[in-house]
Amino acid sequence: MAKSSNLTRTDLDSSFESQLSVSSRTSYRSLRLAEKERRKNQTGDPFVLALKYFSEVKAGTPRAGNDILKRNLVLVERVGLSRGMPPEAISVMLDFAMSLRMGTNNQFTLCVTSVRVLKFLIPATVVPQEAVVRAVSWLCVGKIAISTQVLFLRWVLTVFDMIDSKDHIRAIYGFIFSFVTEENLSPYICHLLYLLTRRESVQPFRVRKLLDLQTKMGRQPFLLHLLSLYKVFYPKLVTLALPSRMRSGFKIHNSTWKVALCAVQKRNNGQVSSDISLSLGLKDETNSRKRKFHHLELPSLSSSIQSNSSSSRSRKVLSLEQLHSFPHLLDNLHCIELPSQMASLLGSSLALCYLDYVQDDSVFLRLNFWLGHALHEEFLYCSRDGSSGSSSEALHFLNRLLSTQHFLQEGFSSTEGFLYKFLNVWDGSLLRPQILGLLSDIPVVPSSCISQLLFEPLMQLFFTSTLFFKCSVIDCLNNMLLKWLTWHSVYALEDGLDISLNRHTPMNMTLSGFMDSVMELVRFVGRLATMGLQLEGCHSLLLSFILDFYETVCDMFLKYGLPLVVMPPAGVFYPALFSTDPVSVDRLSYIMYRYKKNLTSAKCQQQETKQAFHISRQTCQEFNHYLLFMVNCLWNSKMFLPGMAIEVDQELLVLSKVPEPWTSFDLNHHPAFLGYALDFHHKCWPERKDIDFNSIKAAKPWNWYLEFLFSQGFQGLQQFAQSSINRRSVAGISGQRGSQPTSR
């Protein structure tokens with residue numbers, strides 16, 4: 001039985017191995033058949049056959065009456081406009097279009113097919129740089145019409161950020177530069193050179209050529225922008241004085257392909273990692289609902305040099321997307337390659353650290369160009385669309401821009417230009433926190449144009465808006481003033497004659513010009529505050545934001561070293577003094593205390609250094625007037641008396657039937673402190689049933705009452721009393737005794 005059992009097991013093993021061998025052969029046969037079928041299908045794919053036709057077509061092949069050409073052209077065009085063309089197809093069709101192999105020697109006939117091919121050359125993923133290099137080489141043949149050359153350059157600019165690498169294109173920088181003298185091509189060539197320029201690209205003979213062109217063509221924006229980039233790299237080579245503010249020199253040339261690119265990217269579910277979508281916009285109102293979202297999304301980091309290229313092999317290069325930590329960044333600071341898409345820097349904290357370290361002005365120029373288009377074109381369309389998807393997209397984009405500017409501690413010039421235009425059409429509610437946040441980041445505006453650019457549109461919004469918006473505007477202007485003063489205190493030169501307000505803008509401003517701008521801003525906020533308090537009935541919330549602003553203003557000299565003191569207007573001082581909120585009165589007391597400290601220090605320094613400060617006699621008189629009025633009102637009970645700042649006819653006072661009206665606003669009768677006075681009265685005289693606040697004015701109870709108020713947290717009131725009130729007199733800033741009110 002055992003033997004029989006062993007034979008049976010052997011037979012089973014042999015049978016299993018035989019079945020496994022048969023199964024393996026069947027599986028291999030199936031794979032071979034599947035591969036053969038795939039190759040057969042691929043060989044028979046009409047699109048593949050059409051590409052093969054265009055790659056093998058011979059020069060001189062007739063175009064008229066060529067049904068094969070028409071059939072293949074329609075097939076490739078349908079694929080290109082529907083789902084985009086792969087890189088291999090881009091190479092084949094671009095070479096076919098630029099080589100002009102179809103038709104006769106008639107230039108018009110030669111270019112008809114080329115123009116048609118260029119118009120449906122829509123990339124599905126990336127564009128091979130070798131295809132672009134070969135196409136550029138065809139420009140020197142001389143057979144291509146100027147209009148076709150312009151269309152080709154527009155196509156290159158449209159798909160520039162989709163090109164897989166640009167090191168070989170930069171290698172033919174000189175060849176591309178040679179076309180800058182062509183009048184019709186010059187705007188597009190300058191734009192392409194602007195995108196390709198590096199430090200090693202700037203040569204003296206190229207600067208001379210551009211200057212000669214400018215002499216011949218005039219101050220064209222595209223020439224000025226390319227020269228400005230050259231000047232960033234080598235300031236000594238470009239001696240031309242460039243304007244501090246230039247309008248956009250390069251236009252967006254994607255109108256021929258934008259609809260098809262939108263459709264392809266939407267169908268591919270945004271798989272194209274490129275910021276070309278940032279430049280796709282439909283200006284037609286009826287087609288706005290077809291716009292693809294994510295036009296304001298930041299592209300991912302991608303190196304401008306391929307890892308296997310000759311440039312990367314010749315020198316050690318590390319792309320930003322390969323960095324994983326801040327120590328890794330510190331170890332490789334001198335071998336980092338900037339990405340091909342500068343907009344991707346905004347999406348990486350490590351990239352921003354590197355950007356802040358290298359201080360490469362060319363990168364800021366590229367970023368400003370991209371931001372200017374994104375804000376003027378894409379943001380406005382997303383805002384007008386009104387859908388939840390586009391609104392959240394715009395919100396995310398502006399938040400990212402805000403965080404970037406806060407990280408760099410300065411704003412972008414393109415953001416500043418956009419805000420000046422946007423304020424004229426803004427309704428005050430659309431993305432209010434983000435817009436006001438960007439507005440607070442703008443650098444100092446010259447006093448000659450600050451009213452037109454900033455004050456007039458803000459004033460219209462302020463007076464027609466809600467209380468919350470008024471508070472937001474005052475807070476925004478307070479933050480703006482804080483940043484201006486901080487820039488002054490950090491970047492001012494020791495001699496105090498010239499300050500540069502932004503490291504990446506060519507605009508410089510003298511100290512007197514800076515002070516004029518600050519003065520205009522403070523006075524503008526004073527006008528807004530006065531009218532706003534009248535419109536809102538001296539609302540305590542609005543008054544709180546206004547006092548925040550003047551807490552900044554009162555310390556401009558001591559905290560920020562700016563020899564300028566501006567007093568609040570009467571429309572702010574008196575509502576704060578007569579407020580029913582004790583916190584407002586306390587904060588006003590602190591502001592007056594700081595004003596006195598700043599004025600005293602300024603006058604002492606003026607006497608020691610013999611320097612002329614921008615503190616006029618009128619400012620000192622205003623301060624002394626406010627100071628004496630506060631003391632007479634809160635301490636000396638001298639309201640509504642003849643000779644005081646606020647006089648009321650005695651007959652009206654009698655008709656009011658208010659007993660002792662001159663004591664209505666001292667510290668024990670003031671509406672803001674009435675509750676504290678009542679509490680103090682109960683603690684001092686608990687047995688009394690009638691309340692007599694005048695009993696607090698006695699010598700000892702009055703001192704106890706003041707200590708009681710100070711113990712409640714009114715530190716501003718305490719500092720004001722300690723610095724400005726004594727037993728006998730109140731001294732003015734000028735050193736002369738005024739009305740000399742005495743405290744009891």
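The values are calculated or read from the model by the stated rules, or taken from the named source; none is laboratory data. Fair warning: this is a prediction, and the values are worked out from it, not measured in the lab. Because the Cβ atoms are built from the backbone with ideal geometry, glycine has one as well, and the counts that use them run over all protein chains shown. Heavy atoms of the whole protein, side chains included, go into the accessibility calculation; ligands, DNA and RNA do not. Shrake-Rupley method; radii C 1.70, N 1.55, O 1.52, S 1.80 Å.
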Residue that is in contact with a Leu (Cβ under 7 Å, 6 or more places away or on another chain), modelled with pLDDT of 90 or more and open to solvent by 10 Å² or more (accessible area, probe 1.4 Å), where the choices are L121, L151: L151
Being under 10 Å from the mean Cα position of the chain (by Cα), modelled with pLDDT of 85 or more, open to solvent by less than 50 Å² (accessible area, probe 1.4 Å) and not acidic (D, E) is true for just one of L419, L423. Which residue is that? L419
Of all residues in the stretch 552-575 being within 18 Å of Q621 (Cα to Cα) and open to solvent by 30 Å² or more (accessible area, probe 1.4 Å), which is nearest to the chain's Cα centre (by Cα)? P569
Taking the conditions exactly as written (open to solvent by 60 Å² or more (accessible area, probe 1.4 Å) and under 20 Å from Q718 (Cβ atoms)), does Y590 satisfy them or not? yes
Among the residues of the stretch 47-102, the number that are part of a helix (DSSP H, G or I) and over 49 Å from the mean Cα position of the chain (by Cα) is 8
Residues satisfying the stated conditions in the stretch 235-272, i.e. out of contact with any helix residue (DSSP H, G or I) (no Cβ under 9 Å at 6 or more places or on another chain), open to solvent by 50 Å² or more (accessible area, probe 1.4 Å) and either at pLDDT below 75 or part of a helix (DSSP H, G or I) (or both): A241, S244, N269
State the number of residues belonging to the stretch 681-698 that are open to solvent by 70 Å² or more (accessible area, probe 1.4 Å) and not in a loop (DSSP other than H, G, I, E, B). 2
With the requirement that a residue be assigned to a helix (DSSP H, G or I), more than 25 Å from F160 (Cβ to Cβ) and either polar (S, T, N, Q) or open to solvent by less than 10 Å² (accessible area, probe 1.4 Å) (or both), what does the stretch 326-370 give you? L329, S349
